[in-house]
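Since the structure comes first, as C-alpha cells, the remarks are kept for the end.
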Amino acid sequence: MNAPASPPSPYSSAIGKSNVESHTLSVLVDNEPGVLARVVGLFSGRGYNIESLTVAEVAHGEHLSRITIVTTGTPEVIEQISHQLERIVPIHKVTDLTVGGKFIQRELAMVKVAGKGESRVETLRLAEAFRAKVIDATTESFVFELTGSTTKIDDFVELMRPLGLVEVSRTGVAAISRGPERI
C-alpha cells in the first residue's frame with residue numbers, strides 16, 4: 001500500500017523560483033528553557049530551512065537573548081516566517097535586518113589544515129592574505145581562526161581543500177543593525 005504523498009513545504013516550493021532570497025532575522029526573546037526549541041520547531045514544522053543559527057544572552061539583568069537566523073525563501077515566505085515568529089509568546093521583537101539594508105554580518109570559523117613542505121608554506125601564505133590567525137600549530141597541521149563574511153569564510157575553506165583541509169567549525173552568523181537605533 002502506498003503512503004499518501006506529503007504536501008510540499010512552502011520552502012521547497014520556492015526553490016525553483018527566481019525570487020528566492022537570503023534574509024537575516026534578529027529575534028529578541030526571553031532567556032528561558034524551551035524558547036529555542038519552539039523557534040526551531042516553527043521552522044521544521046513548516047519545512048523552512050535554517051542556514052545559520054546563533055543564540056546568546058544579550059541582557060543578563062533582563063534575561064533577554066538574541067537569536068540570529070539566516071533563512072532563505074521568497075519574500076512571501078520570509079514575511080510569513082516573521083509573522084509566525086512574532087506570535088510565539090516569549091518573543092519580544094522580530095526584525096528582518098535584510099529589509100532595513102543597513103546591517104553588519106560576521107561569522108567566526110576555525111579551520112584545521114594538515115600538510116607538509118610546500119603545501120604548508122602555501123597554506124600560511126593564503127592564510128595571511130585572508131588575515132586568518134594561527135591559533136594552533138603542530139609539525140603536521142595548523143588551526144586557523146578567521147572572522148568575516150560568510151562568503152569570505154567559504155572562499156578560504158575552498159582554497160584550503162586541495163592543501164589538506166581536515167575540518168571546519170563555524171559559529172554561525174552574528175548580525176547587528178547599523179546606526180543608533182536598537183532592534
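A few notes on this one:
- In region 95-124, the residues that are more than 30 Å from residue 84 (Cα to Cα) and of a type in the set (Asp, Glu): 118, 122
- Qualifying residue in region 119-127 (condition: over 21 Å from residue 147 (Cα atoms) and surrounded by fewer than 16 Cβ atoms within 10 Å (Cβ to Cβ)): yes
- Residue in region 105-115 that is modelled with pLDDT of 95 or more and either more than 22 Å from residue 153 (Cα to Cα) or in contact with a Gly (Cβ under 6 Å, 6 or more places away or on another chain) (or both) present: yes
- Only one entry in 89, 77, 99 is closer than 18 Å to residue 31 by Cβ, at pLDDT below 95, out of contact with any strand residue (DSSP E or B) (no Cβ under 6 Å at 6 or more places or on another chain) and of a type outside the set (D, E, K, R), namely 89.
- Filtered residue count, region 145-175, keeping only those that are closer than 28 Å to residue 26 by Cα and touching a helix residue (DSSP H, G or I) at 6+ places or on another chain (Cβ under 8 Å): 6
- Among the candidates 112, 116, the residue that is more than 22 Å from residue 40 (Cα to Cα), outside any strand (DSSP E or B), in the same structural domain as residue 154 (by TED's automatic domain parsing) and in contact (Cβ under 8 Å) with a residue 24 or more places away in the chain is uniquely 116.
- Filter result (part of a helix (DSSP H, G or I) and touching a Lys or Arg at 6+ places or on another chain (Cβ under 6 Å)) within region 121-150: none
The values are calculated or read from the model by the stated rules, or taken from the named source; none is laboratory data. In this text, all values refer to a predicted model and were calculated from it rather than measured experimentally. All Cβ positions, glycine included, derive from the backbone under ideal geometry; neighbour counts span all protein chains shown.
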